[in-house]
Amino acid sequence: MKNAFQFSGKKIGSLLLVICMVLILLPTTAFAASDITIDATNFPDTNFRDWLLDSKNLAGIGADGKLTEAEIDSVTSLNVPQESIESLAGIEHFTALTTLNCSLNWLTELPAALPAGLTNLDCSNNSLTALPALPTGLKNLYCEDNQLSVLPTLPSGLTYLRCSVNRLTALSSSAHQPDRP
């Protein structure tokens, strides 16, 4: 009678082959877990999602229905004007974003957390009633032709602000806190 823990040469070879395959495929599986699927869960707005899936946009990187970490890191600019977008939910996945043009859409709000590296934001010609906290490195803000009644605290390095055709009655001194010597 054989001991339950005795293995033949073929069994050991097969076991080693399986272990090698697992070790080889493990990094691929771990990498795939960081992919962002372009679906209704991650990008609820149909028009924004369709724009991401269109092979003509972003050099086609979203056309396969997913965004890899490397693809996400390569996106520094999103230009989605006149796309009938009602929500930019999911934009937080684009962590390398420096420029966002979402003008001429149907937005009533922007995501509460805009990408931290954003330096240029054009959200003009929407139906925004408020702006979220703005990234500290923002340089250019175009928010004209909305329904804004107040602006959030503006970053000290802001060099250009266009906010005409809104419901603003005054610009508060707290809206812009210049650097103090």
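All of the numbers you see were taken from the coordinates with simple rules; none came from a lab. Keep in mind it's a predicted model, so treat the numbers as computed, not measured. So basically every Cβ, Gly included, is an ideal-geometry build from the backbone, and we count neighbours across all protein chains shown.
Here are some notes:
- Residue ranges 101-110, 159-168, 128-137 sort as 101-110, 128-137, 159-168 when ordered by packing (mean number of other C-beta atoms within 10 Å per residue, highest first).
- Spacing of the modelled spin labels on residue 149 and residue 112, each 7 Å from Cα toward Cβ, amounts to 2.1 nm.
- Coordinate range of the alpha-carbon atoms in segment 31-165 per principal axis, descending: 42, 28, 23 Å.
- Cut-off 15 Å between beta-carbons: net charge of the residues surrounding residue 109, Lys and Arg +1, Asp and Glu -1: -3
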